[in-house]
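Since every read-out is calculated from the coordinates, none of them should be taken as a lab result. Keep in mind it's a predicted model, so treat the numbers as computed, not measured. Cβ: placed from backbone, ideal geometry, glycine included. Neighbour counts: every protein chain shown.
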Amino acid sequence: MNHHRRATAPSAACIPPIVLTFEGRSVELVRDSPDTSSDGGVVLLREVDDQLGLTASMSALLGDTRDSSRVRHARREQFQQRVYQIALGHQDCNDADWLRKDAALRLACGAEHSELSSQPTLSRFENAITGRALNRLWRAFEQLYVDELDPTTPLVVLDVDSTDDPTHGDQPRRSSMVSTTSTCSIRWSCSML
């Protein structure tokens, strides 16, 4: 007589597991299992992203000129990985080398059965984005924002500021600051007033 029981991961008795439905499947969040992730919120982030269609629409604007026979990671997966890592507080692309194995991040990026992109692969992805593609992304992001405004909004002021981020070596997209002797990447921040 075979008794089939669903195996469950160990859990702390005082903290019951949380069960979510994601892409038609149950995902059980437990406190202490062998393959844990400290970034379980990425699954919820993916749900919000799917509702907004943000990474799907933005990654579609990038195009892909790679040799399709050698592609291991789709542009959307890479875009999601990078956006989700940043949203989770992992701005440094070097974090991809250990986050690529994170079960929750892999699930959120649709790569449940394989590792995500490594740091060098994500860096190539970022450096492959042209100025024209960045402009397309910027315009699309602006349009998404405007589409969500109340139609009676009389005025939107964009307060755009730059921040210098000192660079070392011969990094892509660096420029010299006229008033200093250092080189830096210029990062723009924008706030809606």
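So if R0 is 45 Å, what FRET efficiency would Arg72 and Thr152 give, r being the distance between their Cβ atoms, rounded to the nearest 0.05?
Efficiency at R0 = 45 Å is approximately 0.40.
Could you work out how much longer the chain between Leu52 and Glu115 gets when fully extended? Use 0.36 nm per residue separation minus the Cα distance between them, nm to one decimal.
So the chain would gain 20.1 nm between Leu52 and Glu115.
Leu29's amide H: which non-local residues (gap 5+, or another chain) put their own amide H closer than 5 Å, with H modeled 1.01 Å from N in plane and none for Pro or chain starts?
Residues meeting the criterion, in which the H sits 1.01 Å from N, are Ile18, Val19, Leu20.
Ala133 to Ile15: extension gain in nm, 0.36 nm per residue of separation minus the Cα-Cα distance?
37.9 nm
Tally Lys and Arg at +1 and Asp and Glu at -1 over the other residues with C-beta under 13 Å from the C-beta of Asp64: what net charge comes out?
Here the count lands on +4.
What ranking, highest mean first, results for peptides 77-88, 41-52, 124-135 when packing means the other Cβ atoms within 10 Å averaged over each residue?
Ranked from most to least packed, the peptides come out as 77-88, 41-52, 124-135.
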